[in-house]
Amino acid sequence: AGLEPGPSSSPRGRPLQPPRPAELLLLLSCPAFRAHFVRLFGGEAAEHWHFVSAAPDDEVSEEEEEDQLRALGWFALLRVHPGQEAEEERGPAVAVAPLGTVPKGAPLLACGSPFGAFCPDIFLNTLSRGVLSNSAGPLLLTDARCLPGTEGGGVFAARPAGALVALVAAPLCWKAREWVGLTLLCAAAPLLQAARMALASLPPDSAALAALLPPEVGTPPNLLLQVPGPPWAAAAMLVECGTVWGSGVAVAPHLVVTCRHVAPREAAKVLVHSITPKSVAIWGCVVFATQETSPYDIAVVRLEEDLDGVPIPVPAEHFHEGEVVSVVGFGIFGQACGPSVTSGILSAVVQVDDTPVMLQTTCAVHSGSSGGPIFSTHSGDLLGIVTSNTRDNNTGATYPHLNFSIPITVLQPALQRYSQTGDLGGLHELDHATEPVRVVWRLQRPLPQAPRSKL
Amino acid sequence: MGRQWGPSMRTAEQAGCVVSASRAGQPTAGSWSCSGVILSRSPGLVLCHGGIFTPFLRAGSGCLTAAATAFLPGDSCSDDLRLHVQWGPTAESPAGRAELGRPGLCTPQC
């Protein structure tokens, strides 16, 4: 049977072919995906996570939710019945990216149909773009935003061009009733390997279909060093202070900056985990934390030994609204995985007296990412330190894609002074931010210029 | 979308499809649908999500969590399962398309 593909990138809304009957050959899953899923989302974490294709408050029967959760890592191989007209081979054949060859932070293109077969004229093969945010074996996360109905849709890489990387497993993730804004994927390569093995155990005419499954392109990762993510992401650190943990960024081989609400007390002992180039944990001590009254939620940790092999990021001197940025943080998985990378743009640079005092981005930022860095995706320069995302107190809704950061230009002079001379004077000035800066960080409207008295 | 995405977009749109599952004789009694990827065109092979098959599993969804199970043969689903696959547009008139219920979608002005 041939599948007469439509002309590529034809104008949306043109009439579709009628649906073609098909038969189910196999239901298949990737055992490694399921094992990682249980490790990351099962156990105690399970109660926090919702993957059903509806908001936590929507009415979904417990049985239906159970069914969806059980089927989350399962996929199906179908054989499409031949059509009437003669079909010919057209359109680019699908090729598959081997597991582990797409680095964290790499751009991805998701193609699925929101609401499935309900409105294919409008929604068939809708595109969404993002990056590979994190991975645990064949369990992948992307910040490409997908909707219910896109389960099973393909996710493709830009390099190698058009390689199938994964299929959408769960388009909506909710954690602790917060929309996470990330999509759960199952890598395509191990899934197709499972399909080949399963087909081999079926009657010969089905087994022959294994030869038709798309090949893997590129060098299998076991012949490569694990494809590294963006070099600048290595500066992101996991910071543990007592029972609290968050993210941080190395600004010198012996200095890590994080948030005050992660490491609030000066002289507190802090354990800093560096993941790349190798996983090490180094003790440190909080040498400075702003006062509660300071709008700048910052703490500085001095390490007992230097970070080895971690590229120290270049601090940015200017900010360009609209530029493509990346946030690297340990939200979502915390210690269970390396840092997640989410992409977006610098959506606002708030200034007081022509000086940037707050950055906003559209990256997905979650609890646990506080203290993490924002990088310019193109230059790799460090732009700022993430401090918070947004919650609507009226509705309780959290907006991971609206978040606030301290521009590195606010911190850099004081950090440099301390790093070179041990003088904390510059950092203490952060406790004396002016009232207009405080107003901005209280998310209030800057005070109008007070009318001057004529006297 | 940047130049780098041209080939990926073409591949994505050529490979994309939707899959719907319904019960024989009851096409309107609720159908389940999802997205899929066309792996081969001749003969047609499609990979899609397995969630739409749970209502048809003879042994119920519990069989999906059995530890050693990595695959289930096609006859694990009841005989009344009917599957249809739809993909990119051609010149056919829209009349040929089965009208399916529209979800409760609306487009509120922002």
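Read-outs throughout are calculated quantities, based only on the coordinates presented, and are distinct from any laboratory measurement. Note that the structure is a prediction, hence the values are computed from the model and not measured. FYI the Cβ positions are ideal-geometry reconstructions off the backbone, even for glycines, and counts take in every protein chain you see.
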ask   = With axes computed from alpha carbons, what is the tilt in degrees of helix A:62-71 against the longest principal axis of chain A, rounded to the nearest 10 within 0 to 90?
value = 80
task = Would you mind checking the tilt of helix A:408-421 against the longest principal axis of the Cα atoms of chain A, expressed as 0 to 90 degrees and rounded to 10?
result = 60
remark   = If amide H atoms are modeled at 1.01 Å from N in the peptide plane, then the residues at a separation of 5 or more from residue A:173, or on another chain, having amide H under 5 Å from its own are A:180, A:181, A:182
note = Here the longest stretch of chain A that holds no trypsin sites (Lys or Arg not before Pro) in a DSSP loop having at most 14 other beta carbon atoms within 10 Å is A:13-176
Paramagnetic reach from residue A:280 (point 7 Å along Cα→Cβ, amide N under 18 Å) across segment A:304-326 = A:304-313
request  = Quickly rank B:77-86, A:344-353, A:93-102 as a protection proxy: mean count of other C-beta atoms within 10 Å, highest first.
outcome  = A:93-102, B:77-86, A:344-353
ask   = Amide H of residue A:401: which non-local residues (sequence gap of 5 or more, or other chain) have their own amide H closer than 5 Å, using H built in the peptide plane?
value = A:365
request  = Partner chain Cβ atoms within 10 Å, averaged over the residues of A:124-135 - can you pull that number for me?
outcome  = 3
query = So in chain A, what percent of DSSP beta bridges are antiparallel if you round to the nearest 5?
reply = 95
task = List, in order, the whole-Hz ³J(HN,Hα) value for each residue of segment A:376-389 obtained from phi through the Karplus relation with A = 6.51, B = -1.76, C = 1.60 and θ = phi - 60°; use x for Gly and Pro.
result = 6, 4, 7, 8, x, 5, 7, 9, x, 10, 5, 10, 6, 10
ask   = Using modelled backbone amide H atoms (1.01 Å from N, in-plane), which distant-in-sequence or interchain residues come within less than 5 Å of residue A:104's amide H?
value = A:229
ask   = Can you pull the mean other chain C-beta count within 10 Å for peptide B:53-62?
value = 4
remark   = Expressed as a whole-number percentage, the relative contact order of chain A with C-alpha contacts under 8 angstrom and at least six residues apart is 12
task = Calculate I(q)/I(0) for segment A:105-154 by the Debye formula, one identical point scatterer on each C-alpha and no solvent, and give its log10 at q = 0.13 Å⁻¹ to two decimals.
result = -0.31
